[in-house]
Structure formats: C-alpha cells, structure tokens
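Structure, as structure tokens:
Computed from the coordinates by the stated procedures, all read-outs in this text should not be read as laboratory data. Not measured: the values here are computed from a predicted model. We place every Cβ from the backbone using ideal geometry, glycine too, and count neighbours over all the protein chains shown.
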Amino acid sequence: MKRRSLLKIASIILFYSISAYSQFGQPTEIVKIKSFSSFDKVYTGSEFKLAVKINVQDTWHINSNKPKEDFLVPTELILSEINGFSIVNTVYPEAKEYKFSFSETPLAVWEGEFFIGAFVKVTDKVQPGKYRLVFNLDYQACNNQSCLAPTSVSDTIEIEIADKSVPVNQINQEIFEKINLTETPQAVSSDENDDSISSTLEKSGLLVGLLFVFLGGLALNLTPCVYPLIPITIGYFGGQSEGRTSRLTLMGLLFMLGMAVTYSVVGVVTSLTGAVFGALLQNPIVILIIAAIFVVLSLSMFGVYEFKLPDSWVAKAGGAKGGYYGAFFMGLTMGIVAAPCIGPFVLGLVTYVAAKGDPLFGFLMFFVLALGLGLPYLFLAIFSGKIKNLPRAGLWMDAVKHIFGFILLAMALYFLLPLLPKEISGYVLPVFGIIAALYILLFDKAAKGVKGFTIFKVVFSLIVIAISVWSLIPSDKQSIDWQPYSDSALVSFEGKKGAIIDFYADWCIPCKELDALTFSDPKVIDESKNFITLKADMTKSLAPEVSALREKYKIFGVPTVLILNSTGEEAKRITGFVNAEEFLKLMQSVQ
C-alpha cells in the first residue's frame, strides 16, 4: 500500500516537473480534433447531434473520461459558454485497458482515431442566424514512460439556426453511423406513464405496490386485445361445466391461476431479455400449438369426445375430475393470448422490472398483474357455466355447445392468420363465418322443437352472415399513406414537419384497431401529409432486422408509434391504442 502511495506521489511530482517540457519541448499536435454536425441547419428549440473525430499521435494515448487512477486527468468534451446552446448528453467510446511502466494497474485510455458524440440543445430564445460554437477537448497525453501536463485542443463549428419554414437536411451520416447516438436521455423516458409507474412503485411499499399493480391488471380488461378471451371463456365454461357453483368457482380460479402463471413467466422473460412483449405469438410453433388447442377444445363441443383425463389418472389424482385440469390448461394458453396487451402501464412495469433485474420480484409483480387481469374471467366462468341451469335445459344445450365450438374454431383460424399469405388472410374469417352460420341455420337439428332458441339461432346466424359478407366487400376506406420502413427514408425531412413510424405486428389486435379507427380518420390523414409516414413490421420479432429496429428505437411492445420532429429526434412516443382526436393533437403539437 505504501509503495502504491509513493508511486502516485512520484507520478504527480513528475507531472509538474515536466511542465516546462510541456510548454517548450512538448511534441506538437499530439491530439487533433474535427467537429461535425448532423444537420445543415437547426431549428430553434430543438437538438442536433455533434460528432468529434479525434486523432492521437502514434505512441501516445490520452486518458479516458473515467481514468482508473485518481491522480490522472480525465478527458472531457466542453462547449465554450455561449447563450442558448448547451451539451445535454455526451457519448464517449469504450476505453481500452493497457499496462504502463508508471502504473501498477492497467489504465483506461484511448489511442489512434476515435469519435466522441454529443447532443447539443438549442433553446427557444436563440434567434435565426449563424453561430460559431467552440468545442474544447480537455485531455492529458501519456506514452509508455511518462505523462505530459493536462492541456486542451479546440475546434470551431458554424451552426445555422433557421426559421421553421426552411427545410433541414441530414448531413455527415457516414460519421454518425460510427457513434451510438440513437436518442437523447429524455427520449428514452419520454412516456410520462413510465416515469409515474416507476416512481409510484419506488415510493410505495411492497404491499401498496402490489395493490397498484393488481388494479392495473384490472384496467387491462379495457384494452381491445383481451376481448377474444370473452367468447373463449364463455365457450369453454358454458360447454364444460356441470352448473354447480362450487365447481364453477374452483374451475374459474384454476383458469385464472393458469393465466397468471403464463403471463408472469412471459412478462419476466420479456423484461429481462428486452424482447417485444407478446413476441411468442410470432413463433410458428407456438401459433400452431395454440391453434391446435382451440381445435381440440372445439371438437369436444361437437361431441367428438368428452374432455377429461383417463379414469386411471383420475384415480391416481385422488378422484379429481378432468375439468379442473382442463381449466388450468386453458388458463395457461390464455396467458399467451393476453400477452400482446401492451400499453403504457405494462410497458412501465416491464421497464421497472428490467431495471430491478430481480427475476423473483418480476415474477411476483407480473403474477399479481395477471390476477387482476384474470379476476373478471372468474365471474365470467361462473356466469357462463350457469347457462346449464336455465329452464328447460336439454337438447338446445347441444346447439349452444355447437355455437361455442365454432367460436373456438374461429379463434384457431385467427391465430393462424400470420402464417397465411396476406393475399388470402383477409378472407379466411369471413368465409368461415358464412360457412359456420349456414351450418347452424340449415343443418344443425339440435333444439329444433324449442321455439325461443330457434328464433335466437336464426337471428344469430343472419347477423354473422351479414357481418361476414360486409367484411368481404372491398373497402374504399382511406388511410394514411404508409411506406415500408427504411433508414434511407429518414435521410431528408425536406418540406416535412417530421416523421411518423408505426411499429406493428400481424398478431397485434390494438394495431388493427389503430388502422381501423385512428389512421383512417380524414383529419388525421390530412395532417399526416406533413410527415414522412412509415410502417415497421415487427411480426417476425426474432429476425435480425427486427431485432436491430427494436434496439435502435427501444421498442418494448406493439403497437408503438414514434413521432419524430424535423431534426430526426423523438418528439412523441405512443404505446397502445389512442383515438383519432388524441393522435391528431399529438401530430399538431410537433413543431
């Protein structure tokens, strides 16, 4: 320890003893720098990217921004004081570690050519015109024998602040591709819901936090991607239960427990790996398994077999009936169906759990979240099962089971749609609906003598046929003029306020709702003409190009819509469904 202290003291003395050398005999131009801007012009109240190329003379190196010895001077990029301009974030490259003769431990240094990046903020008070910004690089140079006195080198860059009616173009892209400047710290946490959720969970105790998450799970039932659970739950419990309240309650609890197990596992794995929430549904094997489960369950509705475990298994399990196992198994499957229910709340929870990095904590949080999500389906299971207790139960119940069977087959087809060619995928469900309704109307003889149910069956079939035929009619409904996403499309924003990027997936129900209700609104379409409008397909989320997009834009779930301003920086981030009026206001707020 004493030896190390003496070495530090000797090093400090050495630094000062060579100050004369640094002034009179120091090698010239040990470090050269050159600055680059990301735009030819910049708007007031915006940000631009700065890249500084640094060249260090051979046999020399400079300390990193975080040197490992406290007596060494860190390298720092500084903007000379000028009103209205400031550096809001600096990105330094990864340092290299080398062992030098004057230090007992390896030191973190830079050498040769490398780049430092930064975001420079321009306040609203800056008037249009040209400004000269001076950037200083403070550094200390060393070779293998000794270190020179700390010094600095500067470079000047001219920035033109333009009126917002003037187009702005990206420049020096070949330089900025070498620096990871995808977004500012503000953009990473731009969703206020994320901040509020994280801060709420941090400030509250565990029990209060779990209650908050449970209520959030209940609120998820208002999102459209859980709607398919309603007919599935009614179909399963309406056809499988025996009508006793105690049995129905236990089956509903097992259904909710199965959903909670799957949902929490999917949530934790997703949060720790950074994958898109619900990305399991892009895996063909998972899709086929889910579709097969629906087909198996539907066949039991048509009387092909009774859904229960073998009698020998039941005996070994202490007499438990197969319906309990079936309810739990259905819940496991429905957890995957519910997984795409991404929204600001779930996104905030995913981010919070990922930051904690504790799998047990994450499992607990998502387990409680799923209990809140599944609670309404407990009561729905009890209600749908009670249908057998209605007066005059008999043959008409077989007709009800047939309807439920067709509902389950329709859900199987729905989950198979991403695997089908897009040319025919839009026709599959409508055609199936027509065939199923005609079968129920013309060929299903169950409950033929029950007048009331016959009327219901006719009305139900006609409604299904009408909706299916309407779906097959070519639509002239307008929409935003979307173009497939590409990096080249964002090179120039000339004549545009910015860009809108819609990250979607074929299995994402809220994505379809956005297309149908929000992006088709005439006012939204008209305002979108002021933007570059791009769609990024995240369906195959394990593909390399999709993974790269997810990393670049920090996409945790779909739908996610990014609105970029004219400088290419993120201005708004939307997760989940928003109506046309709200989306229009967000577009209009971008300057």
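From the backbone phi of the stretch 258-263, what are the Karplus-calculated ³J(HN,Hα) couplings (6.51 cos²θ - 1.76 cosθ + 1.60, θ = phi - 60°) in whole Hz, Gly and Pro given as x?
x, 4, 5, 4, 5, 4
Could you give the dipole magnitude of the stretch 540-591 about its Cα centre, charging the beta-carbon of Lys and Arg +1 and that of Asp and Glu -1, in debye to the nearest 20? Provide the component values of the computation, followed by the final result.
Working: 7 positive and 6 negative charges, 26 e Å.
Using Cβ point charges on Lys, Arg, Asp and Glu, the stretch 540-591 gives about 120 debye.
So what's the net charge close to SER64: Lys and Arg +1, Asp and Glu -1, counting the other residues with Cβ under 10 Å from its Cβ?
Within the 10 Å Cβ shell, the charges total +1.
Checking the table LYS178/LYS554; LYS477/LYS554; LYS49/LYS125 against a 22 Å threshold on Cα-Cα, which pairs fail?
LYS477/LYS554
Quick one: Karplus J couplings for the stretch 516-530, per residue in order, coefficients 6.51, -1.76, 1.60, θ = phi - 60°, nearest Hz, x for Gly and Pro?
Karplus values, whole Hz, x for Gly and Pro: 7, 10, 9, 6, 9, 5, x, 5, 5, 4, 5, 5, 5, 5, 7.
So, by mean Cβ neighbours within 10 angstrom, what's the order for 416-422, 40-46, 114-120, 290-296 with the highest one leading?
Those peptides, ordered most packed to least, come out 114-120, 40-46, 290-296, 416-422.
Please report how far the C-alpha centroid of the stretch 55-88 lies from that of the stretch 472-540, rounded to the nearest whole angstrom.
Centre-to-centre (Cα) distance: 43 Å.
Can you pull out the trypsin sites (Lys or Arg not before Pro) in the stretch 104-151 that DSSP calls coil and that have at most 14 other Cβ atoms within 10 Å?
Passing sites in the stretch 104-151 are LYS125.
Within the stretch 518-561, report the trypsin sites (Lys or Arg not before Pro) that DSSP leaves as loop and that have at most 11 other Cβ atoms within 10 Å.
The qualifying sites are LYS529.
When the Karplus curve 6.51 cos²θ - 1.76 cosθ + 1.60 is applied with θ = phi - 60°, which whole-Hz ³J(HN,Hα) does each residue of the stretch 284-297 get, with x for Gly and Pro?
With coefficients 6.51, -1.76 and 1.60, one gets x, 5, 4, 4, 5, 5, 4, 4, 5, 4, 4, 5, 4, 5 Hz.
Restricting things to alpha carbons, find the Rg to Rh ratio for the stretch 63-121 using the Kirkwood radius for Rh.
Rg divided by Rh gives 1.07.
Please give me the summed charge of the neighbours of LYS53: other residues whose Cβ is under 15 Å from its Cβ, Lys and Arg +1, Asp and Glu -1.
Local net charge: -2.
Relative contact order for the stretch 129-168: what percent, with Cα pairs under 8 Å and sequence separation of 6 or more?
The value is 48 percent.
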